[in-house]
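> This is the structure I want to talk about, given as structure tokens.
The values are calculated or read from the model by the stated rules, or taken from the named source; none is laboratory data. Here the structure is a predicted model, which is why all the values come from computation and not from measurement. For neighbour counting, all protein chains shown are included, and Cβ atoms are generated from backbone atoms with ideal geometry for every residue, glycine included.
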Amino acid sequence: MTRSTDGGRRRVGVLLFDGVKTLDFVGPAEVFVEANQRVDGYELVLVSPDGADVTTSIGTSVRVHSSASEVTDLDTMIVPGSEQHPDVFATPPVLASAAHLASVSRRVASICSGAFVLAELGLLDGKSATTHWKFVADLRRRFPAIDVQPDSIFVRDADTYSSAGVAAGIDLALALVEADHGADVAREVAQLLLVYMQRSGGQSQFSASLRTPAPRTPAVRAIARVVGDDPTRPWALADLAATVNLSPRHLTRLFRDELDTSPVEYVGSLRFDLATRRLEDGASVSEAALESGYSSPDALRRAFVSRLNVTPSAYQRRFRTTGA
């Protein structure tokens, strides 16, 4: 059943709270407002747990329409996230409000760390979902019943939606519009907002975790240093072990214990990070491949497609400069 106003509009409820990430709810809200230019299909309802205005992440005050408990009928509930840790913003009043709104909604959606609210309520159990890359490990650890998709921009599982974070909320809202009114309407909204209908690549291309983690133990730090000094050398496991006077087996155990990877895989990550930095600095694909130890530009392209699902050239266009 489509829950809507008397005029046929779908009622979209957004649960706000103090500290809510501004773009998490403003971005999706603007998608529905733009969609109304074409189909007049949505009524946006902003609510808070007690009906009081909320203070957002940028310090602005937002007036809500009502308390969550006053809402009796929704098509869609959206829970945005926050820069605060979920343990801070997912308070009992927020959880109770989300539980009520979900009970009167046809479908539910989360933006960024809003996924933790749905997860706490059990609404994601047995389903696929995603969140912002910096919260992925925590979501997976705390809620093993969820099939966490770490690289997805957004995920739909039946009538449950979740998105990575901030701008990804726009992608999710466009998917909702497409499900409601078709691809043509969603495409026109995307064009009006000057955003992609569908982005290539996953959120890993935006993730700071791409950068190889800094090692802690002396032997692993030594490996990082020697490989960084000479990344083009064809480093084999025996070569790496010899540089720190350890057996290959012992060195492999150290890497597994500290970084959950092998020495050879770590070298690959170091080379990939070096290549991305060179591309960000303006090097050509050939230069980046040569200077970071790849056998050819094609080898670097394969690594980018495998890791990020984008080519080196596409990555460089997106992250080298704003074009200003």
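> Show the residue pairs meeting these rules: Cβ distance below 8 Å; 6+ apart or different chains; first residue within the stretch 13-30 and in the same structural domain as Gly165 (by TED's automatic domain parsing); second residue of a type in the set (Asp, Glu).
Gly19/Glu83; Lys21/Glu83
> Can you tell me how many residues in the stretch 273-290 are surrounded by fewer than 16 Cβ atoms within 10 Å (Cβ to Cβ) and either within 19 Å of Arg225 (Cα to Cα) or at pLDDT 90 or above (or both)?
Looking only at that region, the number is 4.
> Can you tell me which residues in the stretch 119-156 are in contact with a helix residue (DSSP H, G or I) (Cβ under 8 Å, 6 or more places away or on another chain), of a type in the set (Ser, Thr, Tyr) and under 20 Å from Ala98 (Cα atoms)?
Thr130, Thr131
> All but one of (1) over 27 Å from Val195 (Cβ atoms); (2) under 27 Å from the mean Cα position of the chain (by Cα); (3) of a type in the set (A, V, I, L, M, F, W, C) hold for Val305; which doesn't?
Of the numbered conditions (1) over 27 Å from Val195 (Cβ atoms); (2) under 27 Å from the mean Cα position of the chain (by Cα); (3) of a type in the set (A, V, I, L, M, F, W, C), the odd one out for Val305 is (1).
> Confirm whether Pro218 is under 20 Å from Ser295 (Cα atoms), out of contact with any helix residue (DSSP H, G or I) (no Cβ under 6 Å at 6 or more places or on another chain), modelled with pLDDT under 95 and not hydroxyl-bearing (Ser, Thr, Tyr). Spell out how you get there, then give the answer.
Working: under 20 Å from Ser295 (Cα atoms): no; out of contact with any helix residue (DSSP H, G or I) (no Cβ under 6 Å at 6 or more places or on another chain): yes; modelled with pLDDT under 95: yes; not hydroxyl-bearing (Ser, Thr, Tyr): yes.
Criteria not met by Pro218.
> Of all the residues that make up the stretch 248-302, how many are among the acidic types (Asp, Glu), closer than 19 Å to Trp235 by Cα and in contact (Cβ under 8 Å) with a residue 40 or more places away in the chain?
2
> Quickly run through the stretch 128-174 and pick out the residues that are surrounded by fewer than 22 Cβ atoms within 10 Å (Cβ to Cβ) and within 13 Å of Val108 (Cα to Cα).
Arg156, Asp157, Ala158, Asp159, Thr160 - these are the residues of the stretch 128-174 that are surrounded by fewer than 22 Cβ atoms within 10 Å (Cβ to Cβ) and within 13 Å of Val108 (Cα to Cα).
> Taking the stretch 13-28 only, how many residues are crowded, with 24+ Cβ neighbours inside 10 Å and either more than 17 Å from the chain's Cα centre (by Cα) or modelled with pLDDT under 95 (or both)?
Within the stretch 13-28, the subset crowded, with 24+ Cβ neighbours inside 10 Å is 13-17, 20-21, 24-25, 28.
In the following step, the residues that additionally are either more than 17 Å from the chain's Cα centre (by Cα) or modelled with pLDDT under 95 (or both) were identified as 13-17.
Here the count works out to 5.
> Sort out which residues of the stretch 6-49 are hydroxyl-bearing (Ser, Thr, Tyr) and under 21 Å from His181 (Cβ atoms), and write them in order of number.
If the condition is that a residue be hydroxyl-bearing (Ser, Thr, Tyr) and under 21 Å from His181 (Cβ atoms), then Tyr42 is the only one that fits.
> When both residues are 6+ apart or on different chains and their Cβ atoms are under 7 Å apart, which pairs have a first residue that lies in the stretch 70-95 and is more than 18 Å from Ala119 (Cβ to Cβ), and a second that is assigned to a helix (DSSP H, G or I)?
So the pair list comes out as Val71/Leu101; Leu74/Leu101; Thr76/Leu176.
> Are any residues in the stretch 74-128 hydroxyl-bearing (Ser, Thr, Tyr), in contact with a Leu (Cβ under 9 Å, 6 or more places away or on another chain) and under 16 Å from Phe143 (Cα atoms), and if so, which ones?
So the first thing to find is which residues in the stretch 74-128 are hydroxyl-bearing (Ser, Thr, Tyr), and the list is 76, 82, 91, 97, 103, 105, 110, 113, 128.
Next, from what is left, pick out any that are in contact with a Leu (Cβ under 9 Å, 6 or more places away or on another chain): 76, 97, 105, 110, 113.
Scanning the stretch 74-128 gives Ser110, Ser113.
> I'd like the full set of residues that are of a type in the set (Gly, Ala, Ser) and either outside the structural domain of Ala129 (by TED's automatic domain parsing) or surrounded by 15 or more Cβ atoms within 10 Å (Cβ to Cβ) (or both), limited to the stretch 58-68.
Correct list: Ser67, Ala68.
> Which one is surrounded by the most Cβ atoms within 10 Å (Cβ to Cβ), of the residues in the stretch 175-197 that are farther than 23 Å from Asn309 by Cβ and touching a strand residue (DSSP E or B) at 6+ places or on another chain (Cβ under 7 Å)?
Residue satisfying both the conditions and the ranking: Leu176.
> Take the residues in the stretch 89-105 that are in contact with a strand residue (DSSP E or B) (Cβ under 8 Å, 6 or more places away or on another chain) and either buried (at least 17 other Cβ atoms within 10 Å of the Cβ) or modelled with pLDDT under 95 (or both); name whichever of them is farthest from Pro49 (Cα to Cα).
Residue satisfying both the conditions and the ranking: Ser105.
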